[in-house]
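Taking it in order: structure first as structure tokens, then the write-up.
The values are calculated or read from the model by the stated rules, or taken from the named source; none is laboratory data. Note that this is a predicted model, so its numbers are computed, not measured. Neighbour counts are summed over all protein chains in view; Cβ atoms, including those assigned to glycine, are modelled from backbone coordinates with ideal geometry.
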Amino acid sequence: MKQCKDHIPPHVLPVIVFAQFAGTSLWFAGNAIAGDLQQALHLPANAIGHITSAVQLGFISGTLVFAILSLADRFSPSKVFLSSALAGAFFNLCVLWFAQGMASLLAFRFLTGFFLAGIYPVGMKISADWYEKGLGKALGYLVGALVVGTAFPHLLKTFSGELSWSGVLKATSLLAISGGLLLYFTVGDGPHRRPAPKFEWNAIPRIFRYKKFRAAAYGYFGHMWELYAMWAFVPFMLVFYEEKNAVPVDIPWWSFIIIAAGGLGCIIGGYISLKKGSAKVAFAMLLTSGIFCLFSPFLFFLSKWLFLPALLIWGFAVVGDSPQFSTIVAQTAPKMYVGTALTIVNCIGFALTIFSIQLLSFLQNKIDGEWGYLFLLPGPVFGLWSIWGMVKK
């Protein structure tokens, strides 16, 4: 169904946001039931880290393949989204049906992550095709949905006394399928979509020739160096504070609240971007989280009711720049390769998260707990330097 470019039906954004949340729920299903899987499949003690890494590696591999083949630009994005949601839901259920041990479990989680490459960045591509104006606001809601999904396993851990791990797998798969179907049949492809004419092996190098795109991409890479490492270590920060100060803290609950605060940061930042522009919002959010990186050693000496609000502000800002960086990437990439640009930037950005997470893991046994988060600071510094030229204009 053709839509007037100047009129966007009111259901479009809510459906895209729901479909994005529904699809990306597959990402975190393994985290929520990792302990149960460990017992059911007799997995080793370090299995939880491997389960998480398998999905990340699958996503990185998937985004690389999707980007090289320019799938979201050469084919209907809504069909790519639906196909990926169906495939991801299937491999999510394969854990329940076929997993016999560590190898098969990691394979199914890897394949689930692989097809998430057709959900998260492609969802942003669909938004860009609908919202040529106000894209920062639209992506604010979209990434906000992902942030709440990221925090969700911590909430489940708080209230999961009677939830079955097989039920979690079934529910997330059903949710992903319903999101894909709803998006395909009620939203479809946006009126601003410009399909790529043909497959080109040099599409990615061509995209990176654009100076403004490179600046946006580099800013996003700096942001990603900090983001997932900070999220991964929120529970460790709380545990370390609790032990250091002999003060009780509800670890799962506050982990959820601190990470989920980023969803609000994405949405509020999206509205501010309508007046101030995406570059300024991204810069302000990244500067704020960078300041928290710099002063992180001192946070652990604060009273509990200063420490927890400080982490809430950090959680608010640490991802509030993400949708705005994606907006700038979409706006500065060649119009026929917006999907490819978003996908390859996601690929590189998520690859960087593995290095920063592993660095903090390594440093845990080498230095005192409060000093490790200083090593996240180079990411914000690099990102701020990269987009300064866009902000000062």
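Beta carbons closer than 8 Å, at least 6 apart along the sequence or on distinct chains, never pair a first residue in segment 355-366 that is in contact (Cβ under 8 Å) with a residue 24 or more places away in the chain with a second that is surrounded by fewer than 15 Cβ atoms within 10 Å (Cβ to Cβ).
The condition (being under 21 Å from the mean Cα position of the chain (by Cα) and surrounded by fewer than 20 Cβ atoms within 10 Å (Cβ to Cβ)) is satisfied by just one residue among Ile291, Ile268: Ile268.
Filtered by the rule that a residue be buried (at least 17 other Cβ atoms within 10 Å of the Cβ) and hydrophobic (A, V, I, L, M, F, W, C), segment 294-307 gives Leu299, Phe300, Phe307.
With the condition kept exactly as written, say whether any residue in segment 134-152 is among the charged types (D, E, K, R), in a helix (DSSP H, G or I) and within 16 Å of Gly180 (Cα to Cα). Don't jump to the end; show me each part of the working.
Our first condition is that a residue be among the charged types (D, E, K, R); within segment 134-152, this holds for 137.
From what is left, the residues that are in a helix (DSSP H, G or I) are 137.
Those left that are additionally within 16 Å of Gly180 (Cα to Cα): none.
Within segment 134-152, not a single residue is among the charged types (D, E, K, R), in a helix (DSSP H, G or I) and within 16 Å of Gly180 (Cα to Cα).
Return a yes/no flag: does segment 251-265 have any residue that is free of Cβ contacts under 8 Å to residues at least 12 places away in the same chain and part of a helix (DSSP H, G or I). The answer is no, given that none of the residues of segment 251-265 is free of Cβ contacts under 8 Å to residues at least 12 places away in the same chain and part of a helix (DSSP H, G or I). Screening Val318 with (1) out of contact with any helix residue (DSSP H, G or I) (no Cβ under 8 Å at 6 or more places or on another chain); (2) closer than 18 Å to Gly144 by Cα; (3) hydrophobic (A, V, I, L, M, F, W, C) gives one miss only, at (1). From the residues in segment 330-359 that are under 25 Å from Val239 (Cα atoms) and surrounded by 18 or more Cβ atoms within 10 Å (Cβ to Cβ), which one is nearest to the chain's Cα centre (by Cα)? Across segment 330-359, the extreme among qualifying residues is Thr353.
Screening Leu96, Leu135 for residues that are in contact (Cβ under 8 Å) with a residue 12 or more places away in the chain and over 20 Å from Gln331 (Cα atoms) leaves exactly one candidate, Leu96.
Could you say which residue among Trp305, Trp231 is free of Cβ contacts under 8 Å to residues at least 12 places away in the same chain, of a type outside the set (Asp, Glu) and either more than 17 Å from Thr150 (Cβ to Cβ) or out of contact with any strand residue (DSSP E or B) (no Cβ under 8 Å at 6 or more places or on another chain) (or both)? Before you say what the answer is, go through the steps one by one.
Numbers: Trp231 fails: free of Cβ contacts under 8 Å to residues at least 12 places away in the same chain.
Testing whether each residue is free of Cβ contacts under 8 Å to residues at least 12 places away in the same chain, of a type outside the set (Asp, Glu) and either more than 17 Å from Thr150 (Cβ to Cβ) or out of contact with any strand residue (DSSP E or B) (no Cβ under 8 Å at 6 or more places or on another chain) (or both) leaves just Trp305.
Residues that are among the polar types (S, T, N, Q) and closer than 13 Å to Trp27 by Cα, at least 1 per element: which helices (runs of 4 or more DSSP H) completely within segment 55-126 meet that? In segment 55-126, 77-98, 102-116 are the helices (runs of 4 or more DSSP H) which contain 1 or more residues that are among the polar types (S, T, N, Q) and closer than 13 Å to Trp27 by Cα.
Quick check, is Ser386 in a helix (DSSP H, G or I), hydroxyl-bearing (Ser, Thr, Tyr) and either in contact with a His (Cβ under 9 Å, 6 or more places away or on another chain) or farther than 25 Å from Leu69 by Cβ (or both)? Give the steps one after another, and end with the answer.
Working: in a helix (DSSP H, G or I): yes; hydroxyl-bearing (Ser, Thr, Tyr): yes; either in contact with a His (Cβ under 9 Å, 6 or more places away or on another chain) or farther than 25 Å from Leu69 by Cβ (or both): yes.
Here the answer is yes, as Ser386 does meet what is asked.
Of everything in segment 232-252 that is aromatic (Phe, Trp, Tyr) and at pLDDT 90 or above, the residue that is farthest from Ser53 (Cα to Cα) is Tyr241.
For every residue, the table says whether it meets (1) more than 30 Å from Glu242 (Cα to Cα); (2) modelled with pLDDT of 95 or more; (3) assigned by TED's automatic domain parsing to the domain that holds Met237.
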| position | (1), (2), (3) |
| --- | --- |
| Leu311 | no, yes, yes |
| Ala317 | no, yes, yes |
| Val329 | yes, no, yes |
| Thr332 | yes, no, yes |
| Thr340 | yes, no, yes |
| Leu359 | no, no, yes |
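Applying the set (1) surrounded by fewer than 17 Cβ atoms within 10 Å (Cβ to Cβ); (2) in contact with a Leu (Cβ under 8 Å, 6 or more places away or on another chain) to Asn245 leaves exactly one unmet item: (2).
Among Gln39, Gln20, which is the only one that is more than 30 Å from Ala333 (Cα to Cα) and polar (S, T, N, Q)? Full working, then the answer.
On the way: Gln20 fails: more than 30 Å from Ala333 (Cα to Cα).
One residue alone meets the criteria, Gln39.
Within segment 38-54, if we keep just the residues that are in contact (Cβ under 8 Å) with a residue 60 or more places away in the chain and part of a loop (DSSP other than H, G, I, E, B), the residue that is surrounded by the fewest Cβ atoms within 10 Å (Cβ to Cβ) turns out to be Leu41.
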